[in-house]
Amino acid sequence: MQLSGKWKILSWTGALVVLLIMPLFLGKYSVFLLSLLAIYALVSLGLNLLMGYTGQIAAGHAGFLAIGAYVTAIFTANFEWLPCPVTLLLAGTISGIIGFLLGIPILRLKGFYIAMATLAFGVVVSEIILQWSSLTGGDDGFSVPAARIGGFVFDSDFKLFYLIIPVTIIMTLLAKNLVNGYIGRAFIALRESEIAAQTIGVDLAKYKTIAFAISAFYTGVAGGLFAYLITYLSPDAFTIELSIDFIAMIVIGGMGSILGSIIGAVILTGMQQMLAGLLDLQVLIFGLSLIIFMIFMPKGIVGMLSDLRERFS
Amino acid sequence: MQKLRYLSTFGLIVLVALFLTVSDVKAEVGVTDTSILVGCSNSFSGPLVYPGTQLVNNGLKGYFGYINAQGGVNGRKILTQFYDDGYKPQNAVANSKRLVEQDKVFAILASQGTGPVMATVKYLTQNKVPLLFPFQGVPLSGQKTIFTSFTPYPNQSELVVTWLVKVKGFKRIGILYQDDKYGYTFRDPGQKMLQKFGLKWVAAESYKRGAKDLSAQVAKLRKANLDAVLLVATPPPGATFLKEAHKQGWKNTRIISSGPLTDEKYINLTGGVGEGVWGLSLWPDPVHSQDPAVVEYREIMQKYGKDRDKTPNRYSLYGYFYAKLFVEGLKRAGKNVTRESFIAALEGIKDWESGMIPPVSFSGTNHLTQNSGFMVEVQQGVFRPISGWLTLKEGTLVPLK
């Protein structure tokens, strides 16, 4: 069943309008939480491009998030006149370049060895932040100045919402275009069979490193937004656990799906927020629900939905 | 499929909106005629889970349970709300915003961990929410709405060094420290203090966070022929150091454990090789002390403590003590309490006797609860006092009590 073009546009516009006017009816904390959800959705999207589409297991995305966050913090603190979209772009680009460089040695690795290498990358990044304290503040942490464009300062969660949500929407649309285009098809070919992909003319080295760079770019931009929203950075924020949470997001939502990335980020972050009040019980419940997800929805929520559709149509 | 997708996106957004529209209205922030709400973000998972659960479940909830059973303060029951941050600063920020904006707490009480606490300071200060007695040792002063708790780490280091030199006559003092901010807050003030006496660290060795092997450091420090070595570490490497020193047969140097190492859990980790270690204690022994106030703490914890593990310890004692101090402030602020009147009431506290630590005094410029400690020695697995309460006033040791 295909929706007609008119309906498609209408439903998307409806969703967009609801999203954009939501802060008017919500408490400050909820607006903050929505922004945080959007940031994690962006990371999850970046990770899904690499893991879900290209099949490269990456267990160090907290590292890219940290790079994006610290680049943004340092640039905002030292060059106040820089408009924040430029800073965010810089954060994404620097993170992307590092992702590209990381991708090169990883070309030689396969499967779980890639996971090991990226895991190590995440640890190295937080160690560098810790040791390079003249630049990053080390353990003292880094207090991030407010984002600004010219004279306009994003100094409240309400204002930041209107920076974070548009960036997220634009980047989601870009990702959608990307995966539907030549690059996206090359990624998927790579994931399904490297040999087959090569025989049809996909340059393995090129597309693997591109996947790393794009994924790191997305996570870097998310890191920049993260810095603006949280306003205080310290190495404690970017742990292995956080990298694992990101993987959990795309596994829950659905590997190789844009919508799945967003659903996964919303569910995982929402669940953590709801469970935070259960204190010591929350770890148990969180773990159990992950197991339940794995047993009943091995392909994630989006995978389950499409399975259901096939069964009933 | 397409329709399903759009519907589910739309449904998702509506669902999130419903999730979030939980609003409640109160006349005064966190205060009603019959209740007052306080809370914090703390560690209920992650590396500091034991301190976090003990501090909150037994300490805070235990003492407030006891007070509420007596009818509360000025006719108000004390309600609490806590969230887990797992020692992650970003979660601590989210939780604090939730406490302030959604739950509308009167104050943030006894949150834990340098990173998570520091991440919330700017936000809480801007919104004029009192941040009371966070459990961390980095000095935080100059804010009207912030009251800090125990003797800051730099002061602890100065106190111990002065005592070693002035009272024990030690000259050759060394240090093993963790190579990060925590380690430096002991190393650098200690060095300055030593310089005042014409001395310096004779040997200074460091280790990286999470190090498993300290044999090289032990060997080097041993060669330096020291009178005493300050051990600035977290419990697992601290215990490793003691075991290694024992293995290498290092006997002629006194080991002095610092900061949070003066703790029963850590001594248990060493498997009996902690005998003879000295340390600076900020609390009377929660398990063995027969001081009436500590006996009362143990009784109240047994009856009102909420954790499965009710063994007395320094973290639940911390929570208990600061819950008591909070209640004292609340009593003094009277029936018409506001955040401002509460802060004024705390600032009015002079020589408040707790029976646990030296008398507490605050003022308009001094928001530090404790700046003292006493030296202890591990004898048969228990910290026994070997000095009275001490503090430093302008560089000289002053006995207290």
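Side notes on the structure shown:
- The set of residues in region A:45-76 being of a type in the set (Ser, Thr, Tyr) and away from chain B (no Cβ under 14 Å) consists of A:53, A:54, A:72, A:76.
- Checking residue B:179 against (1) within 9 Å of chain A (Cβ to nearest Cβ); (2) closer than 22 Å to residue A:269 by Cα, the condition it does not meet: (2)
- The listed residues are A:229, A:233, A:204, A:225, and the only one of them that is buried (at least 21 other Cβ atoms within 10 Å of the Cβ), of a type in the set (A, V, I, L, M) and over 26 Å from residue A:263 (Cα atoms) turns out to be A:233.
- In region A:295-313, the residues that are surrounded by 10 or more Cβ atoms within 10 Å (Cβ to Cβ) and polar (S, T, N, Q) reach residues that are in a loop (DSSP other than H, G, I, E, B) and modelled with pLDDT under 85 with C-beta atoms within less than 9 angstrom, at least six apart or across chains, in these pairs: A:306/B:1.
- For the residues A:172, A:209, the requirement of being among the polar types (S, T, N, Q), away from chain B (no Cβ under 14 Å) and part of a helix (DSSP H, G or I) singles out A:209.
- Among the residues of region A:145-169, those identified as of a type outside the set (A, V, I, L, M), in a helix (DSSP H, G or I) and surrounded by fewer than 20 Cβ atoms within 10 Å (Cβ to Cβ) are A:158, A:159, A:162, A:166.
- Counting residues in region A:154-163 that are over 19 Å from residue A:24 (Cβ atoms), touching a residue at least 12 places away in the same chain (Cβ under 8 Å) and not small (Gly, Ala, Ser) gives zero.
- Selection within region B:112-144 - modelled with pLDDT under 95 and under 12 Å from residue B:367 (Cβ atoms): B:139, B:140, B:141, B:142, B:143, B:144
- If the condition is being more than 8 Å from every other protein chain (Cβ to nearest Cβ) and either part of a loop (DSSP other than H, G, I, E, B) or over 20 Å from the mean Cα position of the chain (by Cα) (or both), then region B:102-112 contributes B:103, B:104, B:105, B:106, B:110, B:111.
- Some residue of region A:49-70 being free of Cβ contacts under 8 Å to residues at least 40 places away in the same chain and either over 14 Å from the mean Cα position of the chain (by Cα) or within 14 Å of residue A:220 (Cα to Cα) (or both): no
- Yes/no for residue B:387 being of a type in the set (Gly, Ala, Ser), in the same structural domain as residue B:257 (by TED's automatic domain parsing) and out of contact with any Pro (no Cβ under 7 Å at 6 or more places or on another chain): yes
- Just one of (1) in a helix (DSSP H, G or I); (2) of a type in the set (A, V, I, L, M); (3) closer than 30 Å to residue A:239 by Cα fails for residue B:67. It is (3).
- Region B:380-391, residues that are in contact with a strand residue (DSSP E or B) (Cβ under 7 Å, 6 or more places away or on another chain) and not in a loop (DSSP other than H, G, I, E, B): B:383, B:384, B:385, B:390, B:391
- Residues in region B:343-362 that are touching a strand residue (DSSP E or B) at 6+ places or on another chain (Cβ under 7 Å), not β-branched (Val, Ile, Thr) and not in a loop (DSSP other than H, G, I, E, B): B:346, B:352.
- For region B:82-90, the count of residues that are part of a helix (DSSP H, G or I) and at the interface with chain A (Cβ under 9 Å from one of its Cβ atoms) is at least one.
- Selection of region B:127-152 for residues being among the hydrophobic types (A, V, I, L, M, F, W, C) and either touching a Ser or Thr at 6+ places or on another chain (Cβ under 8 Å) or surrounded by fewer than 20 Cβ atoms within 10 Å (Cβ to Cβ) (or both) yields B:129, B:131, B:133, B:135, B:138, B:140, B:146, B:147, B:150.
- Flag if residue B:166 is in contact (Cβ under 8 Å) with a residue 12 or more places away in the chain and either within 14 Å of chain A (Cβ to nearest Cβ) or under 23 Å from the mean Cα position of the chain (by Cα) (or both): no
- A count restricted to region A:54-102 and to residues that are in a helix (DSSP H, G or I), within 21 Å of residue A:127 (Cβ to Cβ) and either at pLDDT below 95 or not aromatic (Phe, Trp, Tyr) (or both) stands at 20.
- Per-region count, region B:131-176, residues in contact with a Leu (Cβ under 7 Å, 6 or more places away or on another chain), over 24 Å from residue B:356 (Cα atoms) and of a type in the set (D, E, K, R): 3
- When the residues of region A:133-144 are filtered to those that are farther than 28 Å from residue A:50 by Cβ and either assigned to a helix (DSSP H, G or I) or not hydroxyl-bearing (Ser, Thr, Tyr) (or both), the one that is nearest to the other protein chains (Cβ to nearest Cβ) is A:139.
- Matching residues in region B:113-141 - criterion: being facing chain A (nearest Cβ under 7 Å) and closer than 23 Å to residue B:282 by Cβ: B:115, B:118
- Conditions (1) within 19 Å of residue A:128 (Cβ to Cβ); (2) within 11 Å of chain B (Cβ to nearest Cβ); (3) surrounded by fewer than 24 Cβ atoms within 10 Å (Cβ to Cβ): number failed by residue A:240: (2)
- Scope region B:363-379; condition touching a Ser or Thr at 6+ places or on another chain (Cβ under 7 Å) and not in a loop (DSSP other than H, G, I, E, B); matching residues: B:368, B:373, B:374, B:375, B:376
- Single residue of A:283, A:221 found to be over 16 Å from residue A:53 (Cα atoms), out of contact with any Cys (no Cβ under 8 Å at 6 or more places or on another chain) and at pLDDT below 90: A:283
- Filter result for the condition that a residue is farther than 19 Å from residue A:101 by Cα and free of Cβ contacts under 8 Å to residues at least 60 places away in the same chain, over A:181, A:224: A:181
- Filter result for the condition that a residue is buried (at least 24 other Cβ atoms within 10 Å of the Cβ) and of a type in the set (Phe, Trp, Tyr), over B:123, B:83: B:83
- Qualifying residue in region B:145-157 (condition: assigned to a loop (DSSP other than H, G, I, E, B), more than 14 Å from chain A (Cβ to nearest Cβ) and closer than 26 Å to residue B:223 by Cβ): no
- Members of region A:175-193 that are assigned to a helix (DSSP H, G or I) and loosely packed, with under 13 Cβ neighbours inside 10 Å: A:177, A:180, A:182, A:192
- Condition check for residue B:378 on (1) in the same structural domain as residue B:75 (by TED's automatic domain parsing); (2) crowded, with 20+ Cβ neighbours inside 10 Å; (3) hydrophobic (A, V, I, L, M, F, W, C): one failure, at (1).
The values are calculated or read from the model by the stated rules, or taken from the named source; none is laboratory data. Just so it is clear, the structure is predicted and the values come from calculations on it, not from any experiment. Using ideal geometry, Cβ is built from the backbone for each residue, glycine included, and neighbour counts are taken over all protein chains shown.
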